[in-house]
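See below for the structure under consideration.
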Amino acid sequence: MTRHVLIFGFILFSALILAGCKKISPNVGPPGQSPAGQVQNNNKFKFENPKKSAHYESNTPAHGAVLAGVPINVVIDFNFDLAEGSAISIKNDGREYGIADVVIDKNKLAMRRKMDPAAPDGVYTVSYKACWPDGSCHEGNFQFAIDRTKSQSYEDMVGKSEVIVGLSEISFKPMNLKIKKGTKVVWINDDNVEHYVNTDSHPAHTYYLSQNSKSLASGDSYSLTFNEAGVYPYHCSAHASNMTGSILVE
């Protein structure tokens with residue numbers, strides 16, 4: 001009996017010691033996620049958790065994206081027809097940087113708004129209202145940031161009128177490049193698998209509608225001339241999770 005009491009006492013004592021040494025981290029969510037209501041850190045920028053409206057699908061720029069330049073527009077995709085009354089606001093420190101009217105695409109599944117090309121670096125909050133044909137409207141929001149210092153890591157090809165991007169080893173080479181307005185970019189598939197050149201997001205491909213190629217077999221090429229300053233995020237639809245690129249047009 002005495003032996004059993006001693007063993008039980010030893011087990012209890014060990015449990016208390018372990019409990020005291022254990023470090024408690026309160027309010028921690030799953031890996032890669034922030035607890036509800038808290039912010040997500042991305043280098044020097046902080047982003048609040050986004051709010052998605054009914055029938056929301058995706059947006060470009062992506063929530064939490066840090067861009068090397070100003071996006072040419074903000075685009076939001078849905079799986080239901082948009083109607084008149086839909087709106088997009090793009091603000092930094094309380095100031096509006098969305099310019100011109102909101103445009104609903106012809107297929108009625110995306111809406112977009114141009115952004116002021118002189119917008120400063122910082123975090124931008126996009127607040128939107130998506131309205132349906134029945135007159136109901138639903139709201140959502142997301143954030144992205146502009147940090148022009150990121151352009152320092154881009155391949156500088158500003159002095160060229162035509163540049164080549166190789167599609168090799170499931171990547172764009174160079175992945176990020178900087179060019180001037182009027183430059184022609186030629187993508188050539190050097191891999192033995194098919195690739196695509198598609199504007200973000202995936203699979204909507206709506207950010208810059210002109211930047212969407214057909215399937216590119218080995219040796220095939222696709223070209224596009226960029227005439228508007230801004231940043232152009234894109235990807236290969238066949239390898240969307242890891243084959244991405246960005247073009248900064250000055």
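The values are calculated or read from the model by the stated rules, or taken from the named source; none is laboratory data. Not measured: the values here are computed from a predicted model. For neighbour counting, all protein chains shown are included, and Cβ atoms are generated from backbone atoms with ideal geometry for every residue, glycine included.
Restricting attention to region 65-93, report how many residues are assigned to a loop (DSSP other than H, G, I, E, B), within 15 Å of residue 231 (Cβ to Cβ) and out of contact with any helix residue (DSSP H, G or I) (no Cβ under 8 Å at 6 or more places or on another chain). Don't jump to the end; show me each part of the working.
Start the filter on region 65-93 by keeping residues that are assigned to a loop (DSSP other than H, G, I, E, B), which leaves 65, 68-70, 72, 79-86, 93.
Add one more test, that the residue is within 15 Å of residue 231 (Cβ to Cβ), and what stays is 65, 68-70, 72.
When the remaining residues are screened for being out of contact with any helix residue (DSSP H, G or I) (no Cβ under 8 Å at 6 or more places or on another chain), the result is 65, 70, 72.
Number of matching residues: 3.
Listed here are the residues, each with its yes/no results for (1) within 20 Å of residue 164 (Cβ to Cβ); (2) charged (D, E, K, R).
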{"position": "215", "(1), (2)": "yes, no"}
{"position": "220", "(1), (2)": "yes, yes"}
{"position": "229", "(1), (2)": "no, no"}
{"position": "244", "(1), (2)": "yes, no"}
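Just wondering, is there one or more residues in region 212-231 that are part of a strand (DSSP E or B) and either on the phi > 0 side of the Ramachandran plot or free of Cβ contacts under 8 Å to residues at least 12 places away in the same chain (or both)? Steps first, please.
If we filter region 212-231 for residues that are part of a strand (DSSP E or B), which is where we start, we get 212, 216, 221-226, 230-231.
Restricting the remaining residues to those that are either on the phi > 0 side of the Ramachandran plot or free of Cβ contacts under 8 Å to residues at least 12 places away in the same chain (or both) gives 230.
Scanning region 212-231 turns up at least one residue that is part of a strand (DSSP E or B) and either on the phi > 0 side of the Ramachandran plot or free of Cβ contacts under 8 Å to residues at least 12 places away in the same chain (or both).
Figure legend. Inter-residue proximity from region 57-75: first residues closer than 18 Å to residue 210 by Cβ, second residues surrounded by fewer than 20 Cβ atoms within 10 Å (Cβ to Cβ) and acidic (Asp, Glu), beta-carbon distance below 6 Å, spacing 6+ or different chains. Indicated pairs: 72/228.
Applying the condition of being out of contact with any Lys or Arg (no Cβ under 6 Å at 6 or more places or on another chain) and without any contact (Cβ under 8 Å) to a residue 24 or more places away in the chain to region 100-117 and asking which residue is surrounded by the most Cβ atoms within 10 Å (Cβ to Cβ) yields 104. Of the residues in region 48-59, none is within 25 Å of residue 244 (Cβ to Cβ), among the hydrophobic types (A, V, I, L, M, F, W, C) and either at pLDDT below 95 or not assigned by TED's automatic domain parsing to the domain that holds residue 181 (or both). Residues in region 109-138 that are farther than 16 Å from residue 69 by Cα and in a loop (DSSP other than H, G, I, E, B): 109, 132, 133, 134, 135, 136.
Can you tell which of 163, 185, 197, 231 is more than 23 Å from the chain's Cα centre (by Cα) and not assigned by TED's automatic domain parsing to the domain that holds residue 114?
Working: 185 fails: more than 23 Å from the chain's Cα centre (by Cα); 197 fails: more than 23 Å from the chain's Cα centre (by Cα); 231 fails: more than 23 Å from the chain's Cα centre (by Cα).
Going through 163, 185, 197, 231 in turn, the sole match is 163.
Among the conditions (1) in contact (Cβ under 8 Å) with a residue 40 or more places away in the chain; (2) closer than 19 Å to residue 229 by Cβ; (3) outside the structural domain of residue 243 (by TED's automatic domain parsing), residue 121 misses just one, which is (1).
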